[in-house]
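Notes follow once the structure below has been shown.
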Amino acid sequence: MKCYFDNSATTRCFDSVAEIVDGVMRVDYGNPSSLHTKGVEAEQYLRYAKEQIAKSLKVQEKEILFTSGGTEADNLAIIGAAMANYRRGRHLITTQIEHPAVLQTMNYLESLGYGVTYLPVDAYGRIRIEELEAAITPETILVSIMHTNNEIGSVMPIAEAGRVIKEKNPQTLFHVDAVQGYGKCRIYPKKDGIDLLSVSGHKIHAPKGIGFLYVGEKVKIKPILFGGGQQGGMRSGTENVVGIAGLGRAVEGIFAHLDEDVDRLYEYKEYFTEQVLRIPDVTLNGPRGRDGSPHIVSLSVKGVRAEVLLHSLDAEGICISAGSACSSHKPTPSATLQAIGVSRELLESTVRFSFSLDTTKEQLDYALAVLNEQIPKLRRYTRK
């Protein structure tokens, strides 16, 4: 049996997404900036995608900027906001467990003279609201907090954070990296005080190389790409119509039955977690059940290196991740696992299972059977 449990790294495109992508590549291939019929047809795909995204977030279509993915969206939000608001202050706030697209962007701004506060997290990977409140000053121009952690599935208290930020300093912008959260729950930026929201298409069954940034109507940011002035000059470059069309179709599909689908994922996650924790010396990282995301399970398997378990499962047709596959293969310790207090012994023995709408209970049962067989064998081999 083939089991793909690395959906936090990327998802399979919906069949309907593949169909619309094929049609755009072979039939409706015009440049949306062109004034002829082919250009007008291409532009309609942009409008369609914006309509679907705006409806899902309850925002205006003009507040959506298409990007090449989550990394660009994070960079545009953070650097764009810092450059546009530097006269008000040069202080930013984020957390210790952000994705590298946020952390390395913050490092870059520090090299330019900005000050950054990195909030710690508790044992479940969540910030403490009182520490966020204490960190906000009159000089704070931006707070960037991920919605859902890509390694352990912790969900941040976004609504509370938005309220505290606006109460403490109404001028402080609030950016949320929702790459792992969008499409897994309802997110309403205007309700939660979110000014900027980053999303990546390939995490929600759309193609790779496409994403978007929500920018509130009154939010001031500067572009980081310059050229032909597309998207109101905020993101120059010919729009990726193929990816945008696929993204629109994926958003439409994933929100069609969101609540029912998420409930099923939570049931699968709890079933899998309960069963796998019966294996001796297997521990869960991050929150359990509905306190966390519906699709991510991080496990530390004492006595077995993550890479060894990964390859052992791969040989049985099961695809998982050794921690996170959202960066390069450099063997650096996980900042997230260190931040939540995972012991040095277990840092290199942690794997991630991540599910999607394609996941079935039969796949879970197969994976559990293989784990129960392989883990004791691998431990005996390690001891030798």
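Of the listed pairs Lys62/Lys166; Lys50/Lys168; Lys38/Lys203; Lys50/Lys190; Lys190/Lys220, which have alpha-carbon separations greater than 27 Å here? Numbers along the way, then the final one.
Numbers: Lys62/Lys166 23 Å; Lys50/Lys168 33 Å; Lys38/Lys203 30 Å; Lys50/Lys190 17 Å; Lys190/Lys220 16 Å.
Result: Lys50/Lys168; Lys38/Lys203 exceed 27 Å.
Which order do peptides 200-210, 135-145 fall in by mean Cβ count within 10 Å, highest first?
Values: 200-210: 25.4, 135-145: 19.9.
Ranked by mean Cβ neighbours within 10 Å, highest first: 200-210, 135-145.
Using a 10 angstrom cutoff on alpha carbons, build the Gaussian network for the chain and name the most mobile of Gly243, Gly193, Gly232.
Gly232
Rank by packing, highest mean first: peptides 332-341, 346-355, with packing defined as the count of other Cβ atoms within 10 Å averaged across residues.
On the way: 332-341: 17.8, 346-355: 23.0.
The packing order, highest mean first, is 346-355, 332-341.
With a Förster radius of 22 Å, plug the Cβ-Cβ distance of Asp281 and Ala123 into 1/(1 + (r/R0)^6) and report the FRET value to the nearest 0.05. All intermediate terms of the calculation are to be shown ahead of the outcome.
On the way: r = 19 Å, r/R0 = 0.85.
Calculated transfer efficiency: 0.75.
Each residue of the range 227-233 in order: what ³J(HN,Hα) in whole Hz does its phi give by Karplus 6.51 cos²θ - 1.76 cosθ + 1.60, θ = phi - 60°, with x for Gly and Pro?
x, x, x, 5, 6, x, x
When only Cα pairs under 8 Å and 6 or more residues apart are kept, what is the percent relative contact order across the chain? Show your work: numbers first, answer last.
Values: 760 pairs, mean separation 91.0, N = 384.
Answer for the chain is 24 percent.
By the gyration tensor of its Cα atoms, with a ≥ b ≥ c the square roots of the eigenvalues, what is the shape of the range 96-173: rounded for a/c under 1.5, prolate for a/b over b/c, or oblate? Please report the intermediate quantities before stating the final value.
Numbers: a/c = 1.95, a/b = 1.09, b/c = 1.79.
Verdict is oblate for the range 96-173.
What is the ratio of the Cα radius of gyration of the range 338-384 to 2.2 N^0.38 Å, where N is its residue count, to two decimals? Walk me through the numbers before you get to the answer.
Details: Rg = 14.2 Å, N = 47, 2.2 N^0.38 = 9.5 Å.
In units of the 2.2 N^0.38 Å rule of thumb, it is 1.50.
Within the range 107-152, what whole-number % of the accessible surface is contributed by carbon and sulfur, with the 1.4 Å probe and all protein chains included in the calculation? Mind showing how you got there, number by number?
Values: 940 of 1830 Å².
Answer for the range 107-152: carbon and sulfur cover 51 percent of the accessible area.
How about the range 211-253: which trypsin sites (Lys or Arg not before Pro) there are in a DSSP loop, with at most 15 other Cβ atoms within 10 Å of their Cβ?
Working: sites: Lys218, Lys220, Arg235, Arg249; in loops: Lys218, Lys220, Arg235.
Passing sites in the range 211-253 are Lys218, Lys220.
Calculate the length of the line joining the C-alpha centroid of the range 18-34 to that of the range 237-276, in whole Å.
23 Å
Let's see if you can work this out: charge +1 on each Lys and Arg Cβ, -1 on each Asp and Glu Cβ, no other charges. What is the dipole magnitude of the range 59-156 about its Cα centre, in debye to the nearest 20?
Values: 6 positive and 12 negative charges, 56 e Å.
Charge dipole of the range 59-156: 280 debye, to the nearest 20.
Express the accessible area of the chain per residue in Å², computed with a 1.4 Å probe while the remaining protein chains stay in the model.
Spelled out: the 1.4 Å probe surface of the chain, per residue, equals 43 Å².
Would you work out if the chain is rounded, prolate or oblate? Take a ≥ b ≥ c from the square roots of the eigenvalues of the alpha-carbon gyration tensor; rounded if a/c is under 1.5, else prolate when a/b is larger than b/c, oblate otherwise. It would help to have the intermediate numbers written out before the result.
On the way: a/c = 2.02, a/b = 1.28, b/c = 1.58.
In terms of gyration-tensor shape, oblate.
Can you tell me the dipole magnitude for the chain around its Cα centre, using point charges on the Cβ only (Lys, Arg +1; Asp, Glu -1), in Debye to the nearest 20?
In total the dipole reaches around 640 debye.
For a quick check: with amide H placed at 1.01 Å from N, whose amide H comes under 5 Å from Asp6's, ignoring anything fewer than 5 positions away on the same chain?
Correct list: Ser354.
Classify the range 76-227 as rounded, prolate or oblate from the Cα gyration tensor: take a ≥ b ≥ c as the square roots of its eigenvalues, call it rounded if a/c is under 1.5, otherwise prolate when a/b beats b/c and oblate if not. Show your work: numbers first, answer last.
Values: a/c = 1.42, a/b = 1.11, b/c = 1.28.
Taking the square roots of the gyration eigenvalues as a ≥ b ≥ c, the range 76-227 is rounded.
If you take every residue apart from Asn7 with its C-beta less than 11 Å away from the C-beta of Asn7, what net charge results, scoring Lys and Arg +1 and Asp and Glu -1?
+2
Amide H neighbours of Gly237 under 5 Å, counting only residues 5+ apart in sequence or on other chains, H built in-plane at 1.01 Å?
Close amide H contacts, sequence-distant or interchain: Gly228, Gly229, Gln230.
The values are calculated or read from the model by the stated rules, or taken from the named source; none is laboratory data. Predicted model, so just to flag it, every value in this text is computed and none were measured. Glycine gets a Cβ as well: all are built from the backbone with ideal geometry, and neighbour counts include every protein chain shown. These area figures cover heavy atoms from the full protein model, side chains too; ligands, DNA and RNA do not enter into them. Shrake-Rupley method; radii C 1.70, N 1.55, O 1.52, S 1.80 Å.
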